[in-house]
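Nothing in this text is a laboratory measurement; each read-out follows from the coordinates by a stated rule. Owing to the predicted nature of the structure, the values given are computational and were not obtained by experimental measurement. With ideal geometry, Cβ positions are generated from the backbone for all residues, glycine too; neighbour counts draw on all protein chains shown.
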Amino acid sequence: MISNYVRPSILGLSLTIGLLVVSAAVGSPTQRTQTTKCRQVAVQLDTKETTQDQIARIVKQQLNTCGVSATESEVQTASRNSLNLISKSKDPEKGVIYVNTKKFTICASWGKDKDFCKSH
C-alpha cells in the first residue's frame, strides 16, 4: 500500500511531465514557421536594372541573418536565374518573380511592386 504522502508526489510529478510535453508540442509550430519564413529572401529593387552581384549580395545578407547556410555556388546560381527571369519580364515598370532552390526561395520585386516580396 502506498502512503498518503507518496500519492500527491507522484500525481504532481505526472502533471509536471504532462505540462512539459504539452508546452514542447505547442512551441514546435512557431519554430517551424520562423524557419520557413526565413527561407524566403526578399529582393526589393527600384527598377529591373540590376546585376547578379547585387542580387547575390542581398541573398547572402538575408540568409546570414536567418542562419541559413548556402554555398557560394547555390547563391550564384539562384542569383543568375533571378536575373534571367527579371530581364525576361515584359513590364519594365513593375514585376515580381520567384526562384526556388532546395534551401531557399528568392522573391524579387521591382518598381511599383517593390514592396510585394517584403509583405508576402
Do we have K103 as crowded, with 19+ Cβ neighbours inside 10 Å and among the basic types (K, R) here?
-> no
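I want to confirm something. Restricting to segment 56-107 and keeping residues that are among the basic types (K, R) and over 12 Å from V43 (Cα atoms), which single residue is farthest from the chain's Cα centre (by Cα)?
Taking segment 56-107 first, the residues among the basic types (K, R) are 57, 60, 80, 88, 90, 94, 102-103.
Cutting the leftovers down to over 12 Å from V43 (Cα atoms) gives us 80, 88, 90, 94, 102-103.
Numbers: R80: 20, K88: 26, K90: 28, K94: 24, K102: 12, K103: 9 Å.
Once the filter is applied, the top-ranked residue is K90.
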Selection count where residues are hydroxyl-bearing (S, T, Y), over 19 Å from D115 (Cα atoms) and either in a helix (DSSP H, G or I) or touching a residue at least 40 places away in the same chain (Cβ under 8 Å) (or both), scope segment 45-72 | 1
Taking only segment 108-120 into account, find how many residues are within 17 Å of the chain's Cα centre (by Cα), of a type in the set (G, A, S) and outside any helix (DSSP H, G or I).
-> 2
Selection within segment 43-67 - surrounded by 19 or more Cβ atoms within 10 Å (Cβ to Cβ) and among the small types (G, A, S) = A56
